[in-house]
Amino acid sequence: MVVSSTASNPGTQPIDQYLTVAGARLRFRDEGAGPAVMLLHGWTLDLEMWDLQVDGLLQEFRLIRFDRRGHGLSNGTPTPRQDVADVDALCRHLGLSRVALIGMSQGARIAFAFASSAPERVDALVLDGPPSLDRLPADDDVPLEHFRAIVRMHGMEAFRREWLRHPLTQLRTADPRVRAHLAAMIARFAGNELASSTPAWDIPALPALPASLNPATLVLTGELDLPSRVQSADSLKAALPGAGRAVIAHARHLPNLDQPEAYNEVCRGFLKQHTRPHNRP
């Protein structure tokens, strides 16, 4: 298994592009053809977390992914509220009137918020390892104030070491290349919100859960994810009649890295059923 994405022609390298929006310069990649799918990464990660999904899905879908502000090679301070606006800005920049969304962890919150605000623009929605959508992350399983204290006292490297030991970043796979890939993403995370004295989470107000979302929805977790995330996923599935539920066996909170082939197969089947072809502008 090679942890690097390829474009539609073997041997070519993915091309980084940049979009300046609302005071941030966002790195993004736009690869392939077919139904448009945007992939939204979790906290401290970046667009390269999806490399193995690009390898597995590129022949059937147009895959768009970006470093959320303050992550990877994008600058700015991370704010989930602005992330939702950034999804909108990138869709408009690329001329996408409709898109499917795969959101992982904090990215699931952003995908849900965007789909709730503009359901007519979303074909399908995959919510992977979602946190609770009705509580702030500080009430969930990310001890943000503790991490901010570590940064104040000991610096970002101390935070990165501790975060790599947190259950949300633990991998079941023993593949050293995948483990190194995860560590490299966390090493790129600037942690601007951890060094700031302002509130670190600017959460968009989510609407009350509708009886059903217009986009077809799949809620997904790894079999060995944190109990709080499994409970959150089960509760979300119960609150959305018609939503599907998938569990990736032998995977923790990052099932796309632990079990990429199984993850890709689940996403491929769901997306093929619920997306439609779109021509590039």
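The values are calculated or read from the model by the stated rules, or taken from the named source; none is laboratory data. Keep in mind it's a predicted model, so treat the numbers as computed, not measured. Quick reminder, even Gly has a Cβ in these numbers, built from the backbone with ideal geometry, and neighbours come from all protein chains shown.
Points to keep in mind about this one:
- Neighbours by Cβ (under 6 Å, 6+ apart or cross-chain): first from the stretch 110-131, under 19 Å from Thr275 (Cα atoms) and in contact (Cβ under 8 Å) with a residue 60 or more places away in the chain; second surrounded by fewer than 24 Cβ atoms within 10 Å (Cβ to Cβ) and hydroxyl-bearing (Ser, Thr, Tyr): Asp123/Thr275; Ala124/Thr275
- On the stretch given as the stretch 14-38, residues that are among the hydroxyl-bearing types (Ser, Thr, Tyr) and either buried (at least 19 other Cβ atoms within 10 Å of the Cβ) or closer than 18 Å to Gly107 by Cα (or both) total 0.
- Test set (1) of a type in the set (S, T, N, Q); (2) closer than 18 Å to Ala239 by Cβ; (3) at pLDDT 95 or above - Ser74 fails condition number: (2)
- Extreme residue, nearest to Ala243 (Cα to Cα), among residues of the stretch 94-125 that are hydroxyl-bearing (Ser, Thr, Tyr) and in a helix (DSSP H, G or I): Ser116
- Filtered residues of the stretch 248-280 (kept if in contact with a Phe, Trp or Tyr (Cβ under 9 Å, 6 or more places away or on another chain) and outside any helix (DSSP H, G or I)): Ile248, Ala251, Thr275
- Output for the stretch 168-191, where each listed residue is out of contact with any Asp or Glu (no Cβ under 9 Å at 6 or more places or on another chain) and closer than 13 Å to Asn256 by Cα: Thr169, Gln170, Arg179, Leu182
- Leading residue by the ranking (nearest to the chain's Cα centre (by Cα)) among those in the stretch 75-103 that are aliphatic (A, V, I, L, M) and closer than 14 Å to Val37 by Cα: Ile102
- Each residue in the stretch 173-225 was checked for being in a helix (DSSP H, G or I) and at pLDDT below 95, and 4 pass.
- With respect to the stated conditions, Ser105 fails to be surrounded by fewer than 17 Cβ atoms within 10 Å (Cβ to Cβ) and in contact (Cβ under 8 Å) with a residue 24 or more places away in the chain.
- Criterion: surrounded by 24 or more Cβ atoms within 10 Å (Cβ to Cβ) and among the hydrophobic types (A, V, I, L, M, F, W, C) - qualifying residue of Leu96, Leu127, Leu133: Leu127
- Output for the stretch 219-232, where each listed residue is surrounded by fewer than 24 Cβ atoms within 10 Å (Cβ to Cβ) and among the hydrophobic types (A, V, I, L, M, F, W, C): Leu224, Leu226, Val230
- Among (1) at pLDDT 95 or above; (2) part of a loop (DSSP other than H, G, I, E, B); (3) more than 25 Å from Trp163 (Cα to Cα); (4) not aromatic (Phe, Trp, Tyr), the one test that Ser8 misses: (1)
- Matching residues, the stretch 145-172, being modelled with pLDDT of 95 or more, part of a helix (DSSP H, G or I) and charged (D, E, K, R): Glu157, Arg160, Arg161, Glu162
Each row is one residue, and each column tells you yes or no for (1) among the aliphatic types (A, V, I, L, M); (2) farther than 21 Å from Leu182 by Cβ.
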residue	(1), (2)
His41	no, no
Leu47	yes, no
Asp55	no, no
Leu58	yes, yes
Leu63	yes, no
Gly70	no, no
Leu90	yes, yes
Gly95	no, yes
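- Criterion applied to Val99, Val142 was being among the β-branched types (Val, Ile, Thr) and farther than 20 Å from Met185 by Cβ, and the one residue passing it is Val99.
- Restricting attention to the stretch 56-93 and to residues that are among the small types (Gly, Ala, Ser) and not in a helix (DSSP H, G or I), the residue that is surrounded by the fewest Cβ atoms within 10 Å (Cβ to Cβ) turns out to be Gly76.
- Single residue of Gly72, Gly95 found to be of a type in the set (Gly, Ala, Ser) and in contact with a Phe, Trp or Tyr (Cβ under 8 Å, 6 or more places away or on another chain): Gly72
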